[in-house]
Amino acid sequence: MWLVILAGFVVLLCIVAHQMLRHHVTVAVHATEYTMAEHPVIEIEIQNTGRIPLFQVKAVLQIENRVFEETKKIGYTGLVAAHSNKRFAIPLDMEYPGTVCITVPKIIAKDFFHLSFFQIALEKKEYFTTIMPQTIRLDRLAQVWKENYEKERFFLHRKGNNLSEILQYRNYVRGDSRKNINWKLSAKYDEWIVREFDTPTDNFVLITFDVPHSQSKEERKRFYEVLVSICQAYMQQKVVYNIGWFDYASRHFICYEIVDFAHYLKAVSLLMKNSPTDAKDWYDSLQYLRSHKEVGAKYARVIYVTEDLTKEQQRMLPMQEGFCVVDIKKYAPVTQSLEEATGALYALLSK
């Protein structure tokens, strides 16, 4: 008889504890858009407004790096006092850089006596954060670029480099600014005619690439390390430049202008998401520049980064002054450290 009463009392305690806990616990997930930390983390914030402390909170995270096809499941356990708010910093121990997709399938909470446990309600959502690749400082190289950039700016007013100079009149296309419409010519020809202004060919640099296809993850990792190091060197010297690549999601060539550190971080996070959807998608950026020569011609310098310059790529290279190819396997192989590759990169890119 007493055992039945005791069992009933325990069941009642479980029901009360369960109700008191589940209605007083909320969860929020905080994932930064990009991180340069050596040990990146994602934060889970748990707020317990109830009178009963949570002596065991167990979170399960599913993390996927789609560029490097790396998947991990991470479990984390902690406790939250009554009437308190606590953040848990859960390390993202990923081996390779890239934009990772994070999901939190479940978070389970228990009381001190383990009389009650329940799954905390959580919005089903994917969280993304970009883990930046390791970079090397190309200070000496960046200073040469800075000096060349300033020299070119000095000749801004020579023909072909004046922003106010009208290059041509042409038909309006979607995306043109209305400010550039020539109203007199538009009325004469009964269609929209716009002024196309010249672009300074010596104030901008285009850094472009095609995503690596090597089966070796270490070689692909080295590719992004060198690419981002070059981008970072320009940004640190406050040289305005563009990063361009073929976006496989939209099937368009994207040019992203870098004017400050925020633009740099945003562009790197975007390019680290990009991955080919078909085995035929090999040299799309190079093909685009070859078929749209006017795009590359706008820049005084085009730096094309590739993991391994093949004969097929060599035939596709545009015959353009200022076009530079960075062959990763040749100038920064994985058999060398990043620091050892600095000299070869300097010799190539300072020309």
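Do we have Asp247 as closer than 29 Å to Ser337 by Cα, among the charged types (D, E, K, R) and under 19 Å from the mean Cα position of the chain (by Cα) here? No, not satisfied. Cβ-Cβ distances below 6 Å connect the following pairs, each with a first residue in region 53-78 that is in the same structural domain as Ile102 (by TED's automatic domain parsing) and within 21 Å of His30 (Cα to Cα), a second residue that is small (Gly, Ala, Ser) and part of a strand (DSSP E or B), and a separation of six or more residues or different chains: Leu54/Ala109; Val57/Gly78; Val57/Ala109; Val60/Gly75; Asn65/Gly98; Tyr76/Ala59.
Taking the criterion of being surrounded by fewer than 19 Cβ atoms within 10 Å (Cβ to Cβ) and at pLDDT 80 or above, the only residue of region 192-214 that qualifies is Trp192. None of Ile90, Ile44 is modelled with pLDDT of 85 or more, over 22 Å from Met272 (Cβ atoms), of a type in the set (Val, Ile, Thr) and part of a strand (DSSP E or B) except Ile44.
Determine which member of the set Val57, Val100, Val104 is over 22 Å from the mean Cα position of the chain (by Cα) and assigned to a strand (DSSP E or B). Let's see the steps before the verdict.
Working: Val100 fails: over 22 Å from the mean Cα position of the chain (by Cα); Val104 fails: over 22 Å from the mean Cα position of the chain (by Cα).
From the options Val57, Val100, Val104, the qualifying one is Val57.
Give the residues of region 257-297 that are aromatic (Phe, Trp, Tyr), surrounded by 15 or more Cβ atoms within 10 Å (Cβ to Cβ) and either at pLDDT below 85 or more than 12 Å from the chain's Cα centre (by Cα) (or both), sorted by residue number. Matches in region 257-297: Trp282, Tyr283, Tyr288.
Among the residues examined, Tyr224 qualifies as at pLDDT 90 or above and among the aromatic types (Phe, Trp, Tyr). For region 309-351, taking the residues that are of a type in the set (Asp, Glu) and over 25 Å from the mean Cα position of the chain (by Cα), the one that is surrounded by the most Cβ atoms within 10 Å (Cβ to Cβ) is identified as Glu340.
The values are calculated or read from the model by the stated rules, or taken from the named source; none is laboratory data. The structure presented is a predicted model; accordingly, all values stated were derived computationally and were not measured. Using ideal geometry, Cβ is built from the backbone for each residue, glycine included, and neighbour counts are taken over all protein chains shown.
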